[in-house]
1. From B:263, B:238, B:307, B:225, which residue is within 21 Å of the chain's Cα centre (by Cα), at pLDDT 85 or above and either assigned to a helix (DSSP H, G or I) or among the acidic types (Asp, Glu) (or both)?
2. Can you tell which of B:149, B:120 is more than 16 Å from the chain's Cα centre (by Cα), farther than 26 Å from residue B:234 by Cα and within 14 Å of chain A (Cβ to nearest Cβ)?
3. Would you be able to tell me the number of residues in segment B:339-384 that are in a helix (DSSP H, G or I), over 29 Å from the mean Cα position of the chain (by Cα), in contact (Cβ under 8 Å) with a residue 24 or more places away in the chain and surrounded by fewer than 14 Cβ atoms within 10 Å (Cβ to Cβ)?
4. Go through (1) at pLDDT below 85; (2) surrounded by 15 or more Cβ atoms within 10 Å (Cβ to Cβ) and name the single condition residue B:190 misses.
5. Residue B:201 passes all but one of (1) surrounded by fewer than 20 Cβ atoms within 10 Å (Cβ to Cβ); (2) in contact with a strand residue (DSSP E or B) (Cβ under 8 Å, 6 or more places away or on another chain); which number fails?
6. Tell me yes or no: at least one residue of segment A:317-332 is away from every other protein chain (no Cβ under 14 Å), without any contact (Cβ under 8 Å) to a residue 24 or more places away in the chain and closer than 26 Å to residue A:248 by Cα.
7. Given A:341, A:325, which one is closer than 30 Å to residue B:98 by Cα, buried (at least 20 other Cβ atoms within 10 Å of the Cβ) and of a type outside the set (Asp, Glu)?
8. For segment B:149-166, which positions are surrounded by fewer than 21 Cβ atoms within 10 Å (Cβ to Cβ), assigned to a loop (DSSP other than H, G, I, E, B) and in contact with a strand residue (DSSP E or B) (Cβ under 8 Å, 6 or more places away or on another chain)?
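The values are calculated or read from the model by the stated rules, or taken from the named source; none is laboratory data. Bear in mind the structure is a predicted one, so any value in this text is a computation, not a measurement. Methodologically, a virtual Cβ is constructed for each residue, glycine included, from the backbone with ideal geometry; neighbour enumeration extends over all protein chains shown.
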Amino acid sequence: MFKNIFNKLFSASEKRSVQEIQVNKSLKKNLEHLKQVFQNDQTIIFREFNRSGEIPLWGYLIFIDGMVDSKMINEDILRPLMKTPLQPESRRKDMEFWKEKVMIAGEVRLSKDLNELIGAVISGDTVLMIDGVSEALLLSTKGWASRSISEPEAEKVVRGPKEGFTESLLVNLSLVRRRISNSKLKFEFMELGKITKTRISICYIEGIASKEIIEELRQRLEEIEIDGILETGYIEELIKDSPMSPFQTVGDTERPDTVAGKLLEGRVAIFTEGTPLVLTVPYLFMEYFQASEDYYNNFFYASLNRFVRYIGFFFTISVPAIYLSIVTYHKEMIPTELLLSISAAREGVPFPTLLESLIMGLVFEILREAGVRMPTAIGQTASIVGALVLGEAAVSAKLVSAPMVITTALTGICSFLVPRMLGAVIMLRLVFFFLSSILGLYGYIFGVIGLFIHLFSVRSFGIPYMLNLSSLQFQDVKDTIIRAPWWLQNLRPKKIVRKNRTRQDTESPDKGR
Amino acid sequence: MKKRQYICLCMLMGILFALTGCWDYAEINENGIVAGVAIDKGKEKKYEITVEIANPMSEGTNVTMQSVLISMEGNTVFEAIRDMIAKTGKKLYWSHATVMIISEEIAKEGMRPVLDLVYRDPEVRIDINLLISREKTAKEIFAVEQGMREIRSYQLGDIFTASSKMSKIFPTKMWHFIGYVGFEGSSPVVPGVEIIRDGDNKKQFQIFSSAVFSGQKLIGWLSAEDNPYMMWIWGLYENGVIPIENILQSDDEVTLEIIHSKETITPIETAEGLMMKIDIFLRVALAELNGSINVINDHDVAKLQNEAERELERKMTTFIRRVQKEYDSDIFDFGLTLKRTLPEVWKKVEDDWLVILEKLPVDVNFHIHIERSGMMMKPIKVEE
């Protein structure tokens, strides 16, 4: 494996050295080359400028329309180029002169490699070329329209920051940097996607994040050979452990405060250009049930919310299966009164419970999917129609029984308590459901045992997936089903953080409790 | 090739699941829910089984219960039950049956044949309540005209559930009966149910008397007045009331409410022979005082306690004597108590226990402590 990677790196660097093309002294020749590269691309702009007079100057500014800040080009580049009085003794044939004395742009750099220039132009920089100079100036003029920072729709909070990541990588990095003002916060850049050349950034806190995890992540990212990365989902699927598992082993979030919190717990984040979702590794089962708001709210309330989420998870995967098996196999388990009322409700319903439940479940999923894809205005109509038609009308038309509508509704609502797990939950629910339709509660229990075996065998970047959930040590369960008060959370999670686990020093008298 | 085999195997296994047909799978409304069962002597065959089926009917959101009675004769209980499908069209579901009423006639012959199936069958709960019908047949109990609930069996079940607040009725579950039949030195007692005419001349059932068994056979009845004494000895008389008349040489009556009751039965071996000592410790409250005498002072309370103790002791002793004389049955489980406390003595008397029991001297001692007097210190004052 190492050999493989080594070979790859080696061959890549070899290619690069072969392809380096020097900037020619003649502007005409350079232009020819560039025009050939950007053939048929009409967004590229070659802005010619020509200063005549006693000190003539002929050059070109090359940039891509829409990728650059045109105001900056006008004010900070073109104006000084044209207006700066040139003395005969000015070293106008030396790019150093232009870089140091004339340009007002913030990031300016020299380059002799034409290929580098091309890459820079593509990513929104501007190239300045002057006739007779075998060097070009790279001016950072990136300025494209991007969405402003807004609250993430999927992860709204009542208490907590209302900022969310945007599609711009640098803005996203700044959002995290602002929260962790420490030089130990490191960002490493990489380019992924052979065609898209998407910039990604690995972010971690040095000294907290374990080196093994960072190294493992780097290695997995380097092995990606795909042509394009359009969203973090690509990376997530390419690097995740247990690729066939329906459960996530790589986390994603749109909230900078969540990322900051995870970085502080020794996790590593992956930012990707062009998507507001940031990945975090390792990702554990309990993180499904953690919300950033838990850490801001009173710990009793937060623990209650956590508990509700676990219950919701249990309900949403189990209610149809348990209902089916009790009603069709284990009727002796129902209290007599309930049995009679279920029996009365089912009187006249033509379908067996199995089919009834499947149909209702399917209809619910249809409504959900329709609600997600539809514009907001129509979405409401759809949900009202769905609720009315499915709830009231179907029951009074004796197509389904009322208890079935209740179980379906309960199942459906509970599935949104842990929204990130939705896909896995629907799958599990179906599996449990079919198992119970064959064997009753035995089948359900087999399913549960199978689920636990699976969950306990999964690892995320070497960390056991069910970490701390099976622990009886108090220090371990402080951030699982309960959220212990901050004055008790003295240590960072074990295993993820190997060294430097102390979160707060309990020795100091006013903090210890 | 290997891959194709795997795919075939997977498909076959999938089909296997689909074809099993799930032997136990049955929709809830495919079953007739049996609420209670009555067992009588049959006319042509040996038994006549009557089941009461709770049939829920829904019209829109209204759910009404309908009690459906179905009878079937058969030479065995099971035969009759299975043949019932011919009448019901639904397989009967027994797990929610609450009562089993057995006619006096069958009980006199012996309970074993009718209980065997029910005890053996996994579907019937062994905590089903047993009842003996004092009427001619058992099935007519289900056919009474008036009751709190449409399904009569469930009403009977409710009576037993609430009975602990009255302490004059005791439920006898099937496991209980079968257990006591099997123990040496004990005999089961089963509550009896009878039909009475109500104020507006409608039939209604009532549970008050109790049937005394010797072994598996019914040998006689005890009246409702006897139940408290019997239950005291069993340690079940926990919430009852004790009315005492003519207190302190007056015409007044008091009613004492039991707060806590504890009983100990000790067999004592003396030179004259075996003897049973029954101590009953009661903590009571004064619940009712329908006269003008104020008994709430130290002197009178002690007197009242004493009076109540004597009274209860007298009644209890009379009752035990009567049972000993009339019935060849150890309903007080004296034998069992003896076996547990003095096993070596039990070994000696085991064989002719019933003979000894008839003459067994019993010493009853009540220890009453009046603790409270409710919300009032004095009787209601009436100006003459």
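1. Just one listed residue meets the conditions, B:263.
2. B:149
3. Count: 0.
4. All conditions pass for residue B:190, except number (1).
5. All conditions are met except number (2).
6. Checked segment A:317-332: no residue is away from every other protein chain (no Cβ under 14 Å), without any contact (Cβ under 8 Å) to a residue 24 or more places away in the chain and closer than 26 Å to residue A:248 by Cα.
7. A:325
8. Listed by number, the residues that qualify are B:149, B:150.
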